[in-house]
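Peer 1: One structure, pasted below without further comment.
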Amino acid sequence: MTPIQQLSQWINESNSTVFFGGAGVSTESGIPDFRSETGLYKAREVYGYPPEELLSHRCFLRHPELFFRYYRENLIARDAKPNAAHIALAKLEARGRLQAVVTQNVDGLHQAAGSKNVLELHGSNHRQYCVKCGARYDLDYVLAREGVPACAACGGTVRPDVVLYGEQLDEGVTQAAARAVAGARLLIVGGTSLAVYPAAGLLRHFNGDCFVLINKGETPFDAQADLVIHDAIGKVLAAATPG
C-alpha cells in the first residue's frame, strides 16, 4: 500500500478528522511564504527589516507607515484562488468526513473553497477594525486608502484583524482549536514546518489514532507521526480524496 492509499484509507475509516495547516497550503495558490528564504531576503533588501519585525505590534505602533506598506504589498492577494488542497478539504467537510480546519493562514481561501468550520489562529486580513472605537471594516476600505488608514467614525487607526508578532492568539479560537485536535481520531498536518509557537503546541492535545504529516520539507515532528509524506499538500490531498 502506498502512502497515498494509506492516507485515503484512514480518511475513509475515521469518524473524526481534523486538518491543521500552515503557509504551505496557500503557496500553491501563489501566495508567497514571507518566512521563506526568499521572503526574508526581500524583506531585508526592500524594507530594511525581517518579516517578523515588519509584522510586529512594535512596528505597527512605532512605524505605522512602513507596517501598512509591507502589509499591503505582501499580505494581500486579491487574485488568489483556492487550490487543490483547499478544495479537497472542503469536499471532505461536505461529506461529513472532516470536522474542522485549523489554519495559521490569514487569506480566507479555506472559506472561499467552501469550508465552514475554519479556526483561524492568526486571524484574517479580510477583517479590519478601528483600534480606538472598534468599528469594523472590510479589506477594500484599507486598500482604498494610502498610508495609515483612519476610521471614518472617530479618526482612529484601522488595522487588520490579524495576530501580529508580539501579540497573543485569541483565547477563544485557541481553545476551540485545542478541543478540535483533542477530539480528533485522525489528525492531518500539512504545509507547515511546525516551527511557529504557540500554534505548533496544539499538537500536544492530540490523543487519537493516526497522526499524518504532509510537508515538502522535514519537520521537528516527523519522528512522532504515523505517516509522513514529503510532497505538495494539494497533490497529496487531491489524490487521497478522489471524487
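The values are calculated or read from the model by the stated rules, or taken from the named source; none is laboratory data. Predicted model, so just to flag it, every value in this text is computed and none were measured. Cβ sites come from the backbone with ideal geometry, for glycine too, and all protein chains shown count toward neighbours. Ligands, DNA and RNA are excluded from the accessible area calculation, which covers all protein heavy atoms including side chains. Shrake-Rupley method; radii C 1.70, N 1.55, O 1.52, S 1.80 Å.
Peer 1: Using Cα-Cα distances under 8 Å and only pairs 6 or more residues apart, what relative contact order does the chain have, in percent?
Peer 2: For the chain, the relative contact order is 24 percent.
Peer 1: Classify segment 183-243: rounded, prolate or oblate, from the alpha-carbon gyration tensor (a ≥ b ≥ c, eigenvalue square roots; a/c under 1.5 rounded; otherwise prolate if a/b is larger than b/c)?
Peer 2: Taking the square roots of the gyration eigenvalues as a ≥ b ≥ c, segment 183-243 is oblate.
Peer 1: Cross-link list LYS42/LYS81; LYS42/LYS91; LYS42/LYS132; LYS81/LYS216; LYS91/LYS216: which exceed 29 angstrom alpha carbon to alpha carbon?
Peer 2: Checking Cα-Cα distances, LYS42/LYS91; LYS42/LYS132 exceed 29 Å.
Peer 1: Between MET1 and GLU171, what is the FRET efficiency for a Förster distance of 45 Å, r being their Cβ-Cβ separation, to the nearest 0.05?
Peer 2: 0.60
Peer 1: May I ask for the angle, rounded to the nearest 10°, between helix 171-183 and the longest principal axis of the chain, with both axes built from Cα atoms and the value confined to 0 to 90°?
Peer 2: 10
Peer 1: From the C-alpha coordinates alone, can you work out the Kirkwood hydrodynamic radius of segment 160-205, in Å?
Peer 2: 11.8
Peer 1: Something else about it: So how much accessible area does ASP226 have, in Å² to the nearest 10, using a 1.4 Å probe?
Peer 2: Near enough 90 Å² of accessible area.
Peer 1: Checking the cross-link filter: which aspartates and glutamates have an alpha carbon closer than 15 Å to that of LYS116, excluding same-chain neighbours under 8 positions apart?
Peer 2: Hits, sequence-local ones excluded: GLU93, ASP107.
Peer 1: Could you quote the convex hull projected area for the chain, Cα atoms only and averaged over all directions, in nm²?
Peer 2: 13.0
Peer 1: While we're on this one: Leaving out ligands, DNA and RNA, and with a 1.4 Å probe, what % of the accessible surface on the chain is carbon or sulfur?
Peer 2: 49
Peer 1: Sticking with this one: Please report, largest first and rounded to whole Å, the three semi-axes of the ellipsoid equivalent to segment 5-123, where each semi-axis is the square root of five times an eigenvalue of the C-alpha gyration tensor.
Peer 2: Calculated on Cα positions only, the semi-axes equal 33, 14, 12 Å.
Peer 1: A follow-up question, please. Roughly what % of DSSP beta bridges within the chain run antiparallel, to the nearest 5?
Peer 2: Of all bridge pairs located within the chain, approximately 30 percent are antiparallel.
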